[in-house]
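Since the structure comes first, as structure tokens, the remarks are kept for the end.
The values are calculated or read from the model by the stated rules, or taken from the named source; none is laboratory data. Bear in mind the structure is a predicted one, so any value in this text is a computation, not a measurement. Quick reminder, even Gly has a Cβ in these numbers, built from the backbone with ideal geometry, and neighbours come from all protein chains shown. Note: accessible area is taken over every heavy atom of the protein model, side chains too, but ligands, DNA and RNA are not part of it. Shrake-Rupley method; radii C 1.70, N 1.55, O 1.52, S 1.80 Å.
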Amino acid sequence: MRVGVLCYALRHMFAAPSPFSLVLFGASGHLAQIKLYPALYILALKKRLPEQYAIVGFSRSAMDDGAFRSLVADAVHTHVPAVNESVLTAMLEHVHYYKGEYDSPDDFTALAKILKNLEKRWSGIVRLMYFSVPPSVFSAVGKNLCKGGVHTPEIPLRCIVEKPVGNDQESFQAIRDALIGCFREEEIYLLDHYLGKEAVRNIYYLRYANPVVETLLANALIHHVEITSFEAAGIEGRAGYFEHAGTLRDMFQSHMLMVASLLTMPLVETEQSIPKSRFGALKQFYLPPAKNLNTVILQGQYDAGEVHSSTVPAYQEEEGVATDSRTNTFIALKLLSRASRWQGVPFYLRSGKRLEKKETRISIQFQEPTEVGEGANPNCLHIILQGEAGMRLHLQTKMGGTNPSFRALVLADPLVCMGDCLPEHSLMILEAIHGKRHWFLSFNEVQTAWHLIDPLQAHLDEPTTALHHYPSGSKGPQEADAWITQQGVTWH
Ligand code: BG6
């Protein structure tokens, strides 16, 4: 690391300023194990946690503190390379467990007593309630936090709710009403972990800090925008959730739309204005007018195949999935924006599971150059957020000789995060402790996203809407290539 960058990191080290208790609902679940325990361990490793803190797991599984600590330790060992055992052992001393039912007010009264006991000698406490549970139990947990006395006027509380908030507009509104009935809006932190990724935030800051880039982002210059998010992974044992979600709800309702919003939102002067501007950009997206929604959206589902040299089963053969399931695991979608500088620019978004590799990328293709000679291709700016991350601007340069012929000239940087880099959940937990909400979603954003997604989902759910199968390890259904070719474009 360069000396300047190291000094910057030390000066700007972001840490928890005061004692806190973090209660994790869904403590034995998938998200907690793959993301949250590793995130907390990284905070401990990087010395971002105060001396006094408690992590309390709450779920329906029968476990004592010892068994829960082993679960946390296993999760950290599985998901973090080269664990520092003394840091982990010290962190586990702060870890506790309570077996409870989400719909039992008595269990929440008991939880309130446990917290009071753990916090009795601490001052300046913040309580974080982390909803790492299916949307169907959000309302019950919210109500019982108030009824059981976990939420008290004396102690600042942050209620962190992981996306997806609901399954459609209606269920979202029920959750919002239940949460608003228990908490003030500023106590609610709706978390989309993509907004905690340095690379994703950087979409906005690359524009903010580079007028040269910002000037290029104008409809007169742009032919189309592609946003691709490929995953090599399948559903990772989450059939119970995924069968009712599918890729449109799972990846588009928040992650993909947020990436598109960060690319198109107006730049603002202060960080506090970011949420409003992001929401403003999201609201501008709309579905292209079409007689048939098949020209706007296409769905697919993975068959068996080979990913990274391993044979993997078809979606319909995954444990817990119906053998005739029509759940989509791949989506291609076309959107337009009403924002004046983006008017007329088509946005092609695609995401899928069990594809050839992990990659999240924005590709901005500029208008065709005038016919200047052989080898001249449209300029293109790729911002690769995950996978082989980097920013690449594709230009062209003249070849030697009397004929004007060209070769590609690529300006590239690996966009490595330097400075105080933290994994997304670590960063967002710290931000919640600090009460920084601008990288969390607002209810307005979630509602607007469902408003866009619901009619599309209804179309996909029609038995007559095609579901195109694709082999695992591929780039998705061939029909998705034909679909975009019909629009006069190809995927990058
Ligand atoms: C989650 C989805 O929100 O994001 C998962 O529920 C998906 O299905 C994951 O795999 C992708 O996140 P990342 O950080 O791996 O790109």
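Descriptive notes on the structure:
- Projected label points at Gln367 and Ala67, each 7 Å from Cα along the beta carbon direction, are separated by 6.7 nanometres.
- Length gained when the stretch Leu287-His308 is fully extended (0.36 nm per residue, less Cα-Cα span): 4.0 nm
- Phi to ³J(HN,Hα) by Karplus 6.51 cos²θ - 1.76 cosθ + 1.60 over the range 222-239, Hz, x for Gly, Pro: 9, 7, 6, 10, 10, 10, 10, 10, 9, 10, 7, 6, x, 8, 6, x, 9, 4
- When Rg and the Kirkwood radius Rh are both evaluated on Cα atoms of the range 3-191, their ratio Rg/Rh stands at 0.98.
- Most to least packed among 71-82, 353-364 [average Cβ atoms within 10 Å]: 353-364, 71-82
- Comparing Cα centroids, the range 437-458 and the range 310-386 end up 20 angstrom apart.
- Per-residue ellipticity at 222 nm computed for the chain from its helices equals -10000 deg cm²/dmol, with DSSP H segments shorter than 4 residues left out and the rest contributing -39,500 (n - 2.57).
- Rounded to the nearest 10 degrees, the inclination of helix 65-79 to the longest alpha-carbon principal axis of the chain is 20 degrees.
- Alpha carbon centroid spacing (whole Å) that separates the range 10-54 from the range 183-260: 24 Å
- For the range 317-475, the alpha carbon convex hull comes to 225 Å³ per residue, rounded to a whole number.
- Degrees between helix 169-182 axis and first principal axis of the chain (Cα, 0 to 90, nearest 10): 30 degrees
- In loop segments of the range 53-146 as defined by DSSP, the GluC sites (Glu not before Pro) with at most 15 further C-beta atoms inside 10 Å of their C-beta are Glu93, Glu101.
- Computed over the range 245-376, Kirkwood Rh from alpha-carbon pairs, angstrom: 17.5 Å
- Label point distance in nm, Glu101-Glu185, each placed 7 Å from Cα along Cα→Cβ: 3.5 nm
- Loop-located trypsin sites (Lys or Arg not before Pro) in the range 302-344 (DSSP state not H, G, I, E or B) with no more than 11 neighbouring Cβ atoms inside 10 Å: Arg338.
- Assigned charges on the beta-carbon of Lys, Arg, Asp, Glu; the chain dipole about Cα centre (debye): 1340 debye
- Stretched out straight at 0.36 nm per residue, the stretch from Ser18 to Thr485 would grow longer than its current Cα-Cα span by 162.6 nm.
- Under the Karplus curve 6.51 cos²θ - 1.76 cosθ + 1.60, θ = phi - 60°, whole-Hz ³J(HN,Hα) for the range 140-157, x wherever Gly or Pro sits: 4, 5, x, 4, 6, 4, 7, 4, x, x, 6, 8, 10, x, 6, 10, x, 10
- Between helix 198-209 and the chain: long-axis angle, C-alpha atoms, 0 to 90°, nearest 10: 60 degrees
- The chymotrypsin sites (Phe, Trp or Tyr not before Pro) found in the range 415-492 include none that occupy coil by DSSP while having at most 12 further C-beta atoms within 10 Å.
- Our note on the geometry: Cα centres of the range 81-150 and the range 421-436, 18 Å apart.
- Straight-line reach from Lys357: taking Cα to Cα under 26 Å and skipping same-chain neighbours fewer than 8 places apart, the lysines in range are Lys35, Lys163, Lys197, Lys334, Lys475.
- Note that the range 3-191 presents 44 Å² accessible area per residue, ligands and nucleic acids not counted, probe 1.4 Å.
- Pair Leu216, Gln272: separation of 7 Å Cα→Cβ label points (nm): 3.4 nm
- Full-stretch length increase - Asn377, Ala233 - with 0.36 nm per residue and alpha-carbon distance subtracted: 48.5 nm
- The chain, Cα convex hull volume normalised per residue, Å³: 170 Å³
- The chain, accessible surface, carbon-and-sulfur percent (1.4 angstrom probe): 53 percent
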